[in-house]
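Single-structure report; data block below.
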Amino acid sequence: WEGFQPKLYHVTTAILWDLSPWTSPGVQVRLAQLVACVAGIATLLVLRRALARWNIPPGVRLLTFSLVALNPTLIGLNAQATNDSFVILFATLALAEGCEFFRTGARRAFVVMSAAVVLAALSKGDGLVVFLAIVGTLVLAILRPDAVPGLSRGRLASLGTAFVAVVLLLTAALGSYRRNWKDTGNPFAINGERAPFPHLIERTYVYRPGVTSIVDTYFTFRLVDLLEHPTITN
């Protein structure tokens, strides 16, 4: 059913299945779940390292880390055999290293950011949102003088062009988007009807829970509701 999605998580799990001496379905499911669990732990380590680099008060740092580590939905996803944990890990790494690059102009941060965006896009289509966000930030940085320390506008434009070219080429070559486009005429084709675009305030409901409205989804954080309903029921 999910065969239209990018395959990085699935390939990783399949390699572990081939290396494992156990072939029972139960063990294979546990291995697939452990892959996601490891990705979830790695996400917390990425966030912890990023928070340590930023000049913020310890209390704010602890609260920020706790809100992520104790998020019931994130915990639930990292216990499932799905590719969500992979895209969350690599997207978090891309954003963390992107912040470091725009703050310091470090070449290493740029390389890690670029690699993480590619891996995120190869894990799930949601990773392309991070790509667009970074491209937008690069454009704004090019327009502003001295936006990135140690990098001129020309140098920043060259790096931005390289970033876009590398991500698009590797994603097209290694991902499922080109094959989906060839088979269906749509690189983002899915096995089902597309959900309607959400309204700004009015809630819209489809066949499964998700984004109900722009305001309700992106401008609220229902901490009490998360604590009252810490499990995924769908």
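The values are calculated or read from the model by the stated rules, or taken from the named source; none is laboratory data. Note that the structure is a prediction, hence the values are computed from the model and not measured. Here the Cβ is made from the backbone with ideal geometry for all residues, glycine too, and neighbour counts use every protein chain on show. Side chains included, ligands, DNA and RNA excluded: accessible areas come from the protein's heavy atoms. Shrake-Rupley method; radii C 1.70, N 1.55, O 1.52, S 1.80 Å.
A few remarks follow.
- The sole residue among Ser158, Ser176 that is hydroxyl-bearing (Ser, Thr, Tyr) and either more than 17 Å from the chain's Cα centre (by Cα) or surrounded by fewer than 18 Cβ atoms within 10 Å (Cβ to Cβ) (or both) is Ser158.
- Meets criteria (at pLDDT below 85, over 20 Å from Asp84 (Cβ atoms), charged (D, E, K, R) and open to solvent by 50 Å² or more (accessible area, probe 1.4 Å)) for Glu193: yes
- Criterion applied to Arg61, Arg49 was being closer than 25 Å to Arg222 by Cβ and out of contact with any Ser or Thr (no Cβ under 9 Å at 6 or more places or on another chain), and the one residue passing it is Arg61.
- Enumeration of residues in region 64-123 that are in a loop (DSSP other than H, G, I, E, B), open to solvent by 40 Å² or more (accessible area, probe 1.4 Å) and in contact (Cβ under 8 Å) with a residue 12 or more places away in the chain: Ala79, Gln80, Ala81
- Residue match in region 169-184 (condition: more than 30 Å from Val111 (Cα to Cα), free of Cβ contacts under 8 Å to residues at least 60 places away in the same chain and either among the aliphatic types (A, V, I, L, M) or touching a strand residue (DSSP E or B) at 6+ places or on another chain (Cβ under 6 Å) (or both)): no
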